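Here's the structure we're looking at; comments come further down.
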Amino acid sequence: MICELCQLNIKQSWHLTMLFGLETIKQKMICSECWSEFEMIDAVAGCAECQIETNNEYCNDCLKWLRQGYPPIRNQALFKYNAKMRAYFKCYKFEGGYHLRNVFNDTLKQRLATINVDQIVPIPVSKKTYEQRGFNQVIGWLEGVTFAELLECRYSIKKKQSHKSRQERLNTEQPFKLAVGQNDIKGQSICLVDDVYTTGRTLRHATQCLLEAGARKVVSITLSR
Ligand SMILES: [Zn+2]
Ligand SMILES: [Zn+2]
């Protein structure tokens, strides 16, 4: 078999890592060398919001969001966004490697099984992105998981906002709206799923949208950070 990421022959070196219970058959589509280059994140360390290393309860970025009145997100990320992960995303998201969803399907499914919520909600992609990419990269990983598409992307409202910088607009503009009626959300506990945590902007807005619609509690998980 050929590794889907490095194109080298897969050697029979999987048995050792399998002893630790982390790997399953699906991951054999890549070689153990490639798999070992993905760095798992310690789930209990760091900022209470985003797990980044800090000596305080929150990192400065998260503190800024919270002070602006955005709700907490308590994100867990599974893997570091290192060079290997960047290469994976390049193949998966941008070069149409839909089959590569299986590399992380089981790992994500296992983590989601430990989170006790009413609904699992993938972050949506815009219509334009969907047409270009042909799939939602988050939903790709959710094979075998029951999830609900409660959110959709709003059309970007193009107004003259010259007094605001592009970054300010990005930070404040709500990119999501409900895809269902409020009755489907009221009182529910929800876990959002996204691909990469960068600034936390996407998850903060999605969380805010769901809480305003009556969700009881929203937490989040991202594959990478
Ligand atoms: Zn490989
Ligand atoms: Zn943080």
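Brief remarks follow.
- For the chain, a Gaussian network of Cα nodes joined below 10 Å ranks T207, T107, T146 by mean-square fluctuation, and the top entry is T146.
- Shown here for the range 45-91: GluC sites (Glu not before Pro) in loop regions (DSSP other than H, G, I, E, B) with at most 13 other Cβ atoms within 10 Å, namely E53, E57.
- Per residue of the chain, the DSSP helices (runs of n ≥ 4 H) give a summed -39500 (n - 2.57) that works out to -7500 deg cm²/dmol at 222 nm.
- Solvent exposure of the chain amounts to 55 Å² per residue of accessible area, where only protein heavy atoms count and the probe is 1.4 Å.
- Fraction of accessible area attributable to carbon and sulfur, the chain (%, probe 1.4 Å): 51 percent
- For the residues D106, D118, D195, a GNM of the chain with alpha-carbon springs under 10 Å puts the largest fluctuation on D118.
- GNM flexibility winner over the chain from K11, K28, K186 (Cα, springs under 10 Å): K11
- Charge dipole (debye, nearest 20) of the chain; +1 at Cβ of Lys and Arg, -1 at Cβ of Asp and Glu: 920 debye
- Multiplying the residue separation of A87 and E173 by 0.36 nm and subtracting their alpha-carbon distance yields 28.0 nm.
- With Cα atoms, 0 to 90° folded angle of helix 201-212 axis to the chain main axis: 60 degrees
- Rounded tilt (10° steps) of 102-112 against the dominant C-alpha axis of the chain: 60 degrees
- Sequence-separation-based contact order of the chain, relative, with Cα cut under 8 Å and 6+ spacing, percent: 21 percent
- Cβ-derived FRET efficiency at R0 45 Å, N9 paired with E149, nearest 0.05: 0.70
- Length gained when the stretch E33-Q68 is fully extended (0.36 nm per residue, less Cα-Cα span): 8.3 nm
- Separation of alpha-carbon centers, the range 38-56 and the range 188-202, rounded to whole Å: 15 Å
The values are calculated or read from the model by the stated rules, or taken from the named source; none is laboratory data. Since we're looking at a predicted model, the values are computed, not measured. Ideal geometry is used to build each Cβ from the backbone, glycine not excepted, and the neighbour counts take in all protein chains shown. What goes into the accessible areas is simple: the full protein's heavy atoms, side chains included, and nothing from ligands, DNA or RNA. Shrake-Rupley method; radii C 1.70, N 1.55, O 1.52, S 1.80 Å.
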